[in-house]
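The values are calculated or read from the model by the stated rules, or taken from the named source; none is laboratory data. None of these values were measured; they are calculated from a predicted model. Glycine also receives a Cβ, built like all others from the backbone with ideal geometry; neighbour counts cover every protein chain displayed. Calculation scope for accessible area: heavy atoms of the full protein, side chains included, ligands and nucleic acids excluded. Shrake-Rupley method; radii C 1.70, N 1.55, O 1.52, S 1.80 Å.
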Amino acid sequence: VAAWGLGAWWGFPPENQFRATWIAVGWGLLAVLPMLALMFWIDRSSWRPWRRLMALVRRQVAPMFAECTWLELALISALAGLGEEAMFRGVLQPGFASWWGIWPSLAVVSLLFGLAHMLTPAYFVLATAMGAYLGWLAIATENLLVPVLAHALYDFLALSHMVRDVRSRPLSPP
């Protein structure tokens, strides 16, 4: 709702950047693959910052979603993908681009996305990189549907993996 309000005020309504085409759906589905590859690599990494992040997720984030049904996870993911992409890539990125240009806007909005998701310094870096990727998708395809689908599908698959993981084994002690 905030994205649509800010978008109307700034003159960048996010709905003007959606074009529902099969090509956009295909790109949105394909665009999730690098994100998933990174998630699975991090999940199996032995690098200490990633291990700390994964432990934090298992201890604090996973329990919030452990009792959700798959439908609830899908709804949460769809709303997060739509809402966050509408705000960051639909309003902030084109708004800042009108002042500073496309690439500085992409950098600033990616940093803001990272800050909005900062659980740990490692997750800030990861979320900033994901924000840059999603922002690049919006620029490259000129269609907000592509990053929305990629973001929502990634969130659903990541949450599903996390919930399945937490349901299958007890939480490790802090």
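Contact order normalised by length for the stretch 104-156, with contacts defined as Cα pairs under 8 Å and 6 or more residues apart; what percent is it? It would help to have the intermediate numbers written out before the result.
Details: 43 pairs, mean separation 15.3, N = 53.
Answer for the stretch 104-156 is 29 percent.
Leaving out ligands, DNA and RNA but keeping every protein chain, what accessible area does Ser168 have, in Å² rounded to the nearest 10, with a 1.4 Å probe?
90 Å²
Would the stretch 72-134 count as rounded, prolate or oblate if I go by the C-alpha gyration tensor, calling it rounded below 1.5 in a/c and otherwise prolate when a/b exceeds b/c, oblate otherwise?
On the way: a/c = 2.86, a/b = 1.31, b/c = 2.18.
The shape class here is oblate.
Treating the Cα atoms of the stretch 1-99 as identical point scatterers in vacuum, please give the log10 of the normalised Debye intensity I(q)/I(0) at q = 0.16, 0.18, 0.23 Å⁻¹, two decimals.
The Cα Debye sum returns log10 ratios of -0.97, -1.07, -1.16.
Once the stretch 76-174 is represented by equal point scatterers at the alpha-carbon sites, with solvent omitted, what log10 I(q)/I(0) does the Debye formula produce at q = 0.11, 0.16, 0.22, 0.25 Å⁻¹?
The calculated log intensity ratios at q = 0.11, 0.16, 0.22, 0.25 Å⁻¹ are -0.36, -0.68, -1.10, -1.31.
Rank Arg164, Arg59 by accessible area, highest first, at a 1.4 Å probe radius?
Numbers: Arg164 145, Arg59 80 Å².
The ordering from most to least exposed comes out as Arg164, Arg59.
Search the structure for amide H atoms under 5 Å from the amide H of Leu144, placed 1.01 Å from N in the peptide plane, and list their residues when 5 or more places away or on another chain.
Correct list: Phe18, Arg19.
Just how much of Thr141 is accessible, in Å², when a 1.4 Å probe is used and the result is rounded to the nearest 10?
Estimated to the nearest 10 Å², Thr141 gives 50 Å².
What net charge is computed for the residues neighbouring Ala122, neighbours being all others with C-beta under 10 Å from the C-beta of Ala122, Lys and Arg scored +1, Asp and Glu -1?
Values: positive: Arg48, Arg51, Arg52; negative: none.
Charge balance in the 10 Å sphere: +3.
Determine the order of Tyr154, Tyr123 by accessible area, beginning with the largest, at a probe radius of 1.4 Å. Before the final figure, lay out the partial values.
Working: Tyr154 40, Tyr123 65 Å².
Ranked list, largest accessible area first: Tyr123, Tyr154.
Within the chain, which complete DSSP H helices have Cα atoms spanning at least 24 Å along the helix axis and a mean Kyte-Doolittle hydropathy of -0.5 or higher? Each step should come with its number before you reach the end.
Working: long enough: 22-44 (34 Å, 1.53); 121-141 (30 Å, 1.35); 145-168 (34 Å, 0.79).
Once both thresholds are applied, what remains is 22-44, 121-141, 145-168.
What is the set of long-range amide H partners of Met118 at a cut-off below 5 Å, with H atoms built 1.01 Å from backbone N?
none
Where the centre of each part is set by its Cα atoms, how far does the stretch 107-174 sit from the stretch 54-84, in angstrom?
11 Å
For the chain, what value does the Rg/Rh ratio take when both radii are computed over Cα atoms and Rh is the Kirkwood radius, given to two decimals?
Working: Rg = 16.5 Å, Rh = 16.7 Å.
Reported Rg/Rh, Kirkwood definition of Rh: 0.99.
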